[in-house]
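So the structure is just underneath, and the comments pick up after that.
The values are calculated or read from the model by the stated rules, or taken from the named source; none is laboratory data. Since the model is a prediction, treat every value here as computed from it, not as a measurement. Note: ideal-geometry Cβ built from the backbone for every residue, glycine included; neighbour counts use all protein chains shown. Ligands, DNA and RNA are stripped out before the accessible areas are found, and what is left, the full protein with its side chains, is counted by its heavy atoms. Shrake-Rupley method; radii C 1.70, N 1.55, O 1.52, S 1.80 Å.
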Amino acid sequence: MKNILVTGGAGFIGSNFVKYMLSHTGCSIVNLDALTYAGNLENLREVEADSRYVFVRGDICDRDLVHNLFEKYDVDTVVNFAAESHVDRSITDPDIFVQTNIMGTQNLLFAARRYWSVRPEDKHCREYRPEVRFLQVSTDEVYGALGKTGMFTETTPLSPNSPYSASKAGADLFVRAYHETFGLPVNITRCSNNYGPYQFPEKLIPLMIHNCLEDKPLPIYGDGLQIRDWLYVEDHCSAIASVLEKGRLGEIYNIGGNNEKANIEIVRFILSRMGKNKSLITHVKDRPGHDRRYAIDNTKITAELGWSPSYTFEGGMAKTIDWYLANPQWMEHVTSGAYQDYYNRMYHG
Ligand code: NAD
Ligand code: DAU
């Protein structure tokens, strides 16, 4: 049975992944999370008493802490979700993106190499325990933006446009370098936009649901015709589980569900499902350097690993909206305090 160190497991995708793995496999999980504004232990209530699960509050950049966790829990797998994940925040404050996303990933790689090596005293050792694997959760944004046609494949050159995507691309290159230089058994997954329960309402879909609930204007950046390729979060979790189980070491796998939608279509869907009026739509100033279109070619993961998404866009969105409607306290807790300042700065500042 695997002993997985999940980092960032109190965030949106990480918390869905922790629950997915505990219910679908016999693994044990150590969840290391700094509980930044995006981390929330309420996301993990249903597993906190599980004997196969332990939570540790801490920073992935903390060398001693990370090394101690490898030793204490005999970690054989790392799934690195921990990151600063919001593009708009990276535009106003890029420093922390470099620190967490690049330095933090380097620190985890360093510990994995040291702990998993069969001869840790040998600086040139390229042999590792057979069962170990480091999986870096990356993003399609590292490829940059597409025009009207074409799709991202795993060989598309990296061309990140925002400080966020630049920091994720930097982390990917470190993961690759640890594989090439030290032979560390790694994978990188690059997924398209996720949606689903527990997503923080700074991102498009939960922000629009929240504003609809409060009858507030729905702020669409620019013309709203930017395209994203949407995937229900549980499908992302099952894809990562497939890569952990069957992915070829050293390989990159794109993850996406062939669901390209313009932002305006998403907002119209939410309005109609929530029975709200289109007059709430408000076009606001565009995001600087706004990527026009993302689209994932998922041929490699579907053909090689037999993974495919289970949710249609309509089914996933209905489940998501219903979850937010059924959990008003969750939304209330995460939007009190600091969220109000963020919202005012971002949308009225
Ligand atoms: P999120 O912002 O909801 O969660 C990030 C988590 O990381 C939080 O719990 C936060 O407390 C934790 N964290 C931040 N800094 C930390 C640090 N220094 N040490 C330990 N923990 C720290 O993010 P998300 O949307 O769940 O994304 C998770 C990962 O998936 C990220 O790496 C992101 O780049 C990637 N990704 C996200 C999407 C998406 O659509 N959301 C798509 C593809 C890839
Ligand atoms: O593609 C994967 C990426 O998807 C992940 O790596 C990122 O972590 C995740 O945040 C997401 O990035 P985006 O920038 O695509 O997501 P966001 O939800 O911020 O925005 C989606 C689209 O909606 C984008 O074109 C900007 C637009 N938007 C967003 C917000 C918050 C608006 O028009 N209005 C808004 O208020």
Review point. Of the residues that sit in the stretch 271-313 and are among the polar types (S, T, N, Q) and part of a loop (DSSP other than H, G, I, E, B), which one is least open to solvent (accessible area, probe 1.4 Å)?
Key: Asn298
Study note, to complete from the structure: Residue set Ile205, Ile209; condition part of a helix (DSSP H, G or I), touching a Gly at 6+ places or on another chain (Cβ under 9 Å), more than 23 Å from Asn101 (Cα to Cα) and among the hydrophobic types (A, V, I, L, M, F, W, C); output residue Ile205
Practice item. Please work out which residue is farthest from Tyr37 (Cα to Cα), limiting yourself to the stretch 192-202 and to residues that are more than 8 Å from ligand 2 (Cβ to nearest atom) and not in a strand (DSSP E or B). Key: Gly196
Revision key, fill the gap. So the strands (runs of 3 or more DSSP E) completely within the stretch 215-263 holding 2 or more residues that are touching a Gly at 6+ places or on another chain (Cβ under 9 Å), of a type outside the set (Lys, Arg) and open to solvent by less than 10 Å² (accessible area, probe 1.4 Å) are 227-232
Practice item. Taking only the stretch 142-191 into account, find how many residues are β-branched (Val, Ile, Thr), open to solvent by less than 20 Å² (accessible area, probe 1.4 Å) and within 14 Å of ligand 2 (Cβ to nearest atom). Key: 3
Practice item. Within the stretch 1-15, track down each residue that is open to solvent by 10 Å² or more (accessible area, probe 1.4 Å), at pLDDT 95 or above and more than 8 Å from ligand 1 (Cβ to nearest atom). Key: Lys2, Asn3
Exercise for review: Using the structure shown, decide if Ala83 is within 25 Å of Tyr324 (Cα to Cα), within 16 Å of ligand 2 (Cβ to nearest atom) and outside any strand (DSSP E or B).
Suggested key: yes
